[in-house]
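Contents: one structure, followed by commentary.
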Amino acid sequence: MSDGRKRLSGAGYRKNAKIRREKQARELEQTGKIELFFSKPVASSNTEQGEEVVEDLTADICETDVVATCSYDTSLATSSSSIARETKTSESGPLSSVEFDDPVVQIGVSSDPAEWVLNDCTRDHVAKHGIIQNENLDFTQSRRLYADHSRLLTKHLFEKENFNGEKQKRSYLVYSKSKGVVFCAPCRLFGGKSQLAESGFNDWKNGTARLNEHERSAEHKSCVLSLKSRACALGRIDESLTKQRFDEIQYWRNVLKRVVAAVKALGTRGLAFRGKDDRFGSTHSGNYMMMFEFLSEFDPFIAEHIARYGNAGKGVTSYLSFATCEQFIQLMADSVTKQIVKEAKAAKYYSISVDSTPDSSHTDQLAFILRYVKEDGLPVERFIRFIPNPGHKSEQLAEVVLTTLKSYDLDIANCRGQSYDNASNMSGHYRGLQARILERNPLAVYIPCSAHSLNLVGKHAAESCPEACSFFGLLQYLYIFFTASTHRWEILQEHLSSVPNTLAVKRLSDTRWSAREDACRSLNRNWTQVIEALTRIKENTAEAPGTCKEAEGLLNKIRRLETALMSGLWGTILDRFGAVSKKLQSIGIDVGIVGELYESLIQFVRETRDIFPTFEAAAMEKSVVKDYETKRKGAQARKGSATSSKTQAEEAQEHFRINTFYVICDNLVAELIRRKTAYDSFFGKFKFITDLSKTEPSAILQYANNLCSSYSKDLEQECFFDECLHFRSYLISSSAEDTSVLAMSRMIRERGLQSIYLNVDIALRMFLCTAATNCSAERSFSTLKRVKNYLRSRLGEERLNSLAVLAIESELTISLDYEELINSFATQRVRRKPL
């Protein structure tokens, strides 16, 4: 059946379709594209750990990347109608800065200032929407011929450099493509009479000077103020959006500032972050949550934030989660390490120090330390990292050291020293670690740890004769006897309470020689009280028979004249050795001071050797028994006359003096002299610098040439001698009292004399950067035991090193800038909240 309608032929359908297509094309030509009003978001596959899963791409712009269309600052930012293209980060790259597309013609007002109709409508439109500078267009039309050559407009003209070096954008400047000139938009709109307002400016040769003059003119300032006033009166179309976004950015940055503060406080003290529970309000939430709960009691901002987002769970951004905390720990540790490496590279010369110890999980950890001289002339020792399971063979250790230096881009050729303990795998002359490093760099001089060497000197002396071994065994046994029972400890404390500022008995230590000093000092101070406590325990019938016999045996040993004499001798020696050992452990110590301190101990022990009667007289007063033990045993065998008895006493005294007293003193002197040679051989090359004012020029020439021959690639032989003579005159004229290497290095840096005494400064830096002790590596072990304790024995190596760096280098951690950390955090990944 027919429906009454006429059917068209195929040609008719095609004709109607063509008419419809032409009509749609005309409509599209007359309609503005949607890209003129919105930016194109680029989808990203990145996701955030835990709570920060990216959903809203339009909000993922850092504070520094806010499009110019969102604000109209005091420098007349670019127009809000500019097209912004946000390039999101990839999996390996940060957020790029916002790039602007080529400007288009605004609806009703041309983007070319030469075509502007200067009326109120144009002024209102530009004031409301901002200025399009056209700085991304092709500047070919701006070519101008000069007598020598032609010039074009460049983008550098759209930016000015202030007197203090800061750069500022000339946001008033607009390029006219039709004329190839630039206009001052405010002056053109509000009736300026200058060339920049009327015909346009194209004198590119003198562009910077002419624009600076224009900016200082009263007419330009007046026109800028007029445009700003008009913009404030009309109101920007994005003003409320800009304010809302700014407030949101400030909110989240304030949250992150408190996160950084909490990480700093816990990290610098090596405290644990997490607990059993990760919820606010729980008593097992850990120190990190506890910090925010504490702050919330006095900070209404964080209290309100916790109330809104505290326990919201995954999927809700709060920036209080441990995912955020972990990122800041890593960020801060990386910042500290980068700063250390940057300082080391700036100093050029450095020395290394390594030592290992097992952690709570029985993993061997090698501490890596760098020593270098800062810009102020002071040496510092910085912790780099712990290296797990490096091995104990020298070839394994050498490979680890060289690999670590390479990973931080530190040239082994700039290494001027290495300091380890006296273990054979470290200090071996032929196949030890120091020998393998010397094969790669002959200038990396090995310096044995002076503090460890001093401990070995005392250890060898303590084991040099039976009487010394027996004395230290008695000290350890006294500690064990009194601390094994609370009852015995109470008895000892009752007798010690009558003596003010007294010390209880102390135990010995296999690694710390200062523990022997403390044990010997406590016995000397509490001699009478210890004897009284032992006598009371011995005579107490309520005590167990075995305890009474132990007390009696200790009492008999402590009453010996030999024990009293050994107590006085070792108390004197250990007191001086302890004071020197503490000085040797300081970072500011250098090899020259080590040699001087060793020499002072040698002279002290030699003088002590000559005053045996003084020690004997003091022991006679303190001891209950007034005879030597060898004399008493001989008296039982021969009951002779008084003359025979006197001879036995002299023989006993002579036997103790020769076989015990002299042996200890001579062993100390011999060991000190042997170990001192390692420091004298190195310091001898630089010693003449400390004695410049007292050394003749002819001798200075010889010493300077010897030092230049040792460091031929660091010191200029032609200039070094002249600089030394000049520096000698400067020291004499300035009446410098302190001529130590450290004092001279600081003086050159503080007074800015590096350019005058360049080679002298280099020599001082090479000497000061050479480590004299290995104590910084050993000090890092205490932090290792605190960070990786038995409760955190499964701590990963990356997190261990991050926490260790924050705790050991707490000085650098505290100085980290909040804003830089937050900016780095914001640019690492696409964020769900604008930062």
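Thr502 meets all of the listed conditions (1) outside any helix (DSSP H, G or I); (2) at pLDDT 90 or above but one, namely (2).
Please go through (1) more than 18 Å from the chain's Cα centre (by Cα); (2) under 21 Å from Gly588 (Cα atoms); (3) crowded, with 23+ Cβ neighbours inside 10 Å; (4) in contact (Cβ under 8 Å) with a residue 60 or more places away in the chain for Ala826 and return the number of the only condition it doesn't satisfy. For Ala826, the exception is condition (2).
Is it true that Arg488 is under 24 Å from Ser623 (Cβ atoms), within 49 Å of the chain's Cα centre (by Cα) and open to solvent by 30 Å² or more (accessible area, probe 1.4 Å)? For Arg488, the condition - under 24 Å from Ser623 (Cβ atoms), within 49 Å of the chain's Cα centre (by Cα) and open to solvent by 30 Å² or more (accessible area, probe 1.4 Å) - is met.
Residue check: is Ser464 open to solvent by 10 Å² or more (accessible area, probe 1.4 Å) and not aromatic (Phe, Trp, Tyr)?
The answer is yes for Ser464.
Scanning region 604-628 for residues that are surrounded by fewer than 14 Cβ atoms within 10 Å (Cβ to Cβ) and among the aliphatic types (A, V, I, L, M) turns up Ile611, Ala617, Val624. The listed residues are Gly207, Gly286, and the only one of them that is crowded, with 16+ Cβ neighbours inside 10 Å and under 30 Å from His149 (Cβ atoms) turns out to be Gly207. For region 505-551, the tally of residues that are of a type in the set (D, E, K, R), open to solvent by 50 Å² or more (accessible area, probe 1.4 Å) and assigned to a helix (DSSP H, G or I) stands at 9.
Does region 240-263 contain at least one residue that is surrounded by fewer than 18 Cβ atoms within 10 Å (Cβ to Cβ), farther than 25 Å from Leu835 by Cβ and among the basic types (Lys, Arg)? Among the residues of region 240-263, not one is surrounded by fewer than 18 Cβ atoms within 10 Å (Cβ to Cβ), farther than 25 Å from Leu835 by Cβ and among the basic types (Lys, Arg), which makes the answer no. Right, Gln585: open to solvent by 20 Å² or more (accessible area, probe 1.4 Å), at pLDDT 95 or above and more than 23 Å from Phe482 (Cβ to Cβ) or not? Considered against the rule, which asks whether it is open to solvent by 20 Å² or more (accessible area, probe 1.4 Å), at pLDDT 95 or above and more than 23 Å from Phe482 (Cβ to Cβ), Gln585 comes out as no. Just checking, how many residues over region 447-465 are basic (Lys, Arg) and at pLDDT 90 or above? Qualifying residue count for the region: 0.
For first residues located in region 429-444 and hydrophobic (A, V, I, L, M, F, W, C), partners that are surrounded by fewer than 14 Cβ atoms within 10 Å (Cβ to Cβ) and lie 6+ apart or on another chain with Cβ distances below 7 Å form the pairs Ala435/His429. Only one entry in Leu569, Leu601, Leu554 is surrounded by 18 or more Cβ atoms within 10 Å (Cβ to Cβ), under 26 Å from Ser485 (Cα atoms) and modelled with pLDDT of 90 or more, namely Leu554. Against the test of being without any contact (Cβ under 8 Å) to a residue 24 or more places away in the chain and within 25 Å of Tyr628 (Cα to Cα), the options Lys557, Lys538 yield a single qualifying residue, Lys538.
For region 182-219, a tally of residues being in a helix (DSSP H, G or I) and farther than 16 Å from Lys160 by Cα returns 7. For first residues located in region 358-373 and closer than 13 Å to Lys785 by Cα and modelled with pLDDT under 95, partners that are in a loop (DSSP other than H, G, I, E, B) and of a type in the set (A, V, I, L, M) and lie 6+ apart or on another chain with Cβ distances below 9 Å form the pairs Asp359/Leu795; Ser360/Leu795; Ser361/Leu795. Highlighted here are the helices (runs of 4 or more DSSP H) found entirely within region 686-791 that include at least 3 residues which are among the hydrophobic types (A, V, I, L, M, F, W, C) and surrounded by fewer than 17 Cβ atoms within 10 Å (Cβ to Cβ): 717-734.
Here is a yes/no grid of residues against (1) out of contact with any strand residue (DSSP E or B) (no Cβ under 8 Å at 6 or more places or on another chain); (2) not polar (S, T, N, Q):
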{"site": "Leu742", "(1), (2)": "no, yes"}
{"site": "Glu778", "(1), (2)": "no, yes"}
{"site": "Arg794", "(1), (2)": "yes, yes"}
{"site": "Ser802", "(1), (2)": "yes, no"}
{"site": "Ala807", "(1), (2)": "yes, yes"}
{"site": "Leu821", "(1), (2)": "yes, yes"}
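In region 182-196, of all residues being more than 17 Å from Leu157 (Cβ to Cβ) and hydrophobic (A, V, I, L, M, F, W, C), the one that is most open to solvent (accessible area, probe 1.4 Å) corresponds to Phe190.
Residue count for region 445-499, restricted to those that are of a type in the set (A, V, I, L, M), assigned to a helix (DSSP H, G or I) and within 30 Å of Cys415 (Cα to Cα): 4. For beta carbons closer than 6 Å, sequence separation of 6+ or different chains, a first residue in region 651-668 that is part of a helix (DSSP H, G or I) and a second that is of a type in the set (D, E, K, R) and surrounded by fewer than 18 Cβ atoms within 10 Å (Cβ to Cβ), the qualifying pairs are Cys665/Arg609.
Screening region 541-551 for residues that are over 15 Å from Thr483 (Cα atoms) and among the small types (Gly, Ala, Ser) and picking the one that is modelled with the lowest pLDDT gives Ala542.
The values are calculated or read from the model by the stated rules, or taken from the named source; none is laboratory data. Keep in mind that this is a model prediction, so the values were computed, not measured. With ideal geometry, Cβ positions are generated from the backbone for all residues, glycine too; neighbour counts draw on all protein chains shown. Heavy atoms of the whole protein, side chains included, go into the accessibility calculation; ligands, DNA and RNA do not. Shrake-Rupley method; radii C 1.70, N 1.55, O 1.52, S 1.80 Å.
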